[in-house]
Every structure is written in C-alpha cells, then in structure tokens.
Amino acid sequence: MSEEKKYKVDSFNLDHTKVTAPFVRLAAHKVGAKGDVVTKFDVRFCQPNRQEMPTGAIHTLEHLVAEYIRDELPEQVIDFSPMGCRTGFYFTLWGEHTEEEIAAHLVNVLKKVAVWDKPVPATTEKECGNYLDHNLEGAKVWAQRWVDGITAKGWNCYK
C-alpha cells in the first residue's frame, strides 16, 4: 500500500481530479503568534488540467478584481494573485471568512467585470510589470463564466 505524499503547499495536496470548477475553497486558516487570523481561498475559474486562462485575460482579471474587491471587503484584503497554472487565483484576507461569504463578494465584483467598459486600472509601463499583456474582452468572458457557474452550482461546488 503506497503512502500518500504530503506537501507543505496546501494546493499541492488537493486532488485536482476530484474538483469541479468554478469554486471557492478554503485553502488555509492561520492564527499568528499575536492572535491575528489569516484565511486563504482557492478561487478556481477553470477545470484543472482541462483548461486554463490565457495570460492576458488572467492578468486583466487580477487587476480588476484586486482593485475592486477592496470595495467589497475594506481593510480585510491582503492579496488576490493568479495561480501559476492559470486556472484561478489565491485570495488571502485578514480575519475569519466562509466560502459562501467570499463567493458572494466575488460574484458582486465579477458581475461588474463582465460588463466593464472603463479603462483597466494600472496598465501603464510605470504601474505594471507587463503592461502590454492585458485582454479585457477575455477577462469579461471568464468573469461571466465564473458568475454563471457559481450561481448555477452553488458556492461549494468543489465538494
């Protein structure tokens, strides 16, 4: 009988063959030495190993969501960053949060992204490390797919 390997990185221990995107999954809950609580979520847009977002679309989604999720959760957002596999994002916040709560806030932001008709924030050479690699139309498509999928399946569709 083979022993299952455990990695230090939570997402490496996730069985990517047993999840159904889109989803929000609590990936980590940490309590610091001074009692500070940090939660990290896996926000998956694509079915692992079946599809991935093009870099321009994921980059634009990162800019829009990272900027506007802070309107939804002021003083709580630490980071919203893309996964290297380009199937979703890691979302890290101060405090305790549920998957349902995070999904609801993301639905609000992604509905706005799906119809975005303003300039994408921070897309100049001075503001962005790869300012030429953005795709607003692609970001809008992925935002709408996520909203439609989450709404149809419910928040915890990874279970």
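The values are calculated or read from the model by the stated rules, or taken from the named source; none is laboratory data. Note that the coordinates shown come from a computational prediction; the quantities given were computed from them, not determined experimentally. Using ideal geometry, Cβ is built from the backbone for each residue, glycine included, and neighbour counts are taken over all protein chains shown. What goes into the accessible areas is simple: the full protein's heavy atoms, side chains included, and nothing from ligands, DNA or RNA. Shrake-Rupley method; radii C 1.70, N 1.55, O 1.52, S 1.80 Å.
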Residues that are within 22 Å of residue 25 (Cα to Cα) and part of a helix (DSSP H, G or I): does segment 74-91 have at least one?
no
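Which members of segment 20-43 meet the condition of being of a type in the set (A, V, I, L, M) and within 15 Å of the chain's Cα centre (by Cα)?
Narrowing segment 20-43 to residues of a type in the set (A, V, I, L, M): 21, 24, 26-28, 31, 33, 37-38, 43.
Of everything in segment 20-43, those that are of a type in the set (A, V, I, L, M) and within 15 Å of the chain's Cα centre (by Cα) turn out to be 21, 24, 26, 27, 28, 43.
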Would you check which residues across segment 26-58 are under 20 Å from residue 133 (Cα atoms) and open to solvent by 30 Å² or more (accessible area, probe 1.4 Å) and list them?
51, 52, 54, 55
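Output the residues belonging to segment 12-25 that are within 20 Å of residue 80 (Cα to Cα) and either surrounded by fewer than 17 Cβ atoms within 10 Å (Cβ to Cβ) or among the aromatic types (Phe, Trp, Tyr) (or both). Before you say what the answer is, go through the steps one by one.
Looking only at segment 12-25, we keep the residues that are within 20 Å of residue 80 (Cα to Cα), and these are 12, 14, 21-25.
Listed by number, the residues that qualify are 12, 23.
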Tell me the residue from 93, 106, 110 that is in contact with a Ser or Thr (Cβ under 8 Å, 6 or more places away or on another chain) and either open to solvent by less than 20 Å² (accessible area, probe 1.4 Å) or of a type in the set (Ser, Thr, Tyr) (or both), please.
93
Qualifying positions in segment 44-56 - over 13 Å from the mean Cα position of the chain (by Cα) and touching a residue at least 40 places away in the same chain (Cβ under 8 Å):
47, 54, 55, 56
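Answer with yes or no whether residue 150 is in contact (Cβ under 8 Å) with a residue 60 or more places away in the chain, assigned to a helix (DSSP H, G or I) and out of contact with any helix residue (DSSP H, G or I) (no Cβ under 7 Å at 6 or more places or on another chain).
Details: in contact (Cβ under 8 Å) with a residue 60 or more places away in the chain: yes; assigned to a helix (DSSP H, G or I): yes; out of contact with any helix residue (DSSP H, G or I) (no Cβ under 7 Å at 6 or more places or on another chain): no.
So residue 150 does not fit the description; no.
Residue by residue, here is whether (1) assigned to a loop (DSSP other than H, G, I, E, B); (2) more than 13 Å from residue 90 (Cα to Cα) holds:
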residue: 4; (1), (2): yes, yes
residue: 8; (1), (2): yes, yes
residue: 15; (1), (2): yes, yes
residue: 20; (1), (2): yes, yes
residue: 34; (1), (2): yes, yes
residue: 40; (1), (2): no, no
residue: 46; (1), (2): yes, yes
residue: 51; (1), (2): yes, yes
residue: 56; (1), (2): no, yes
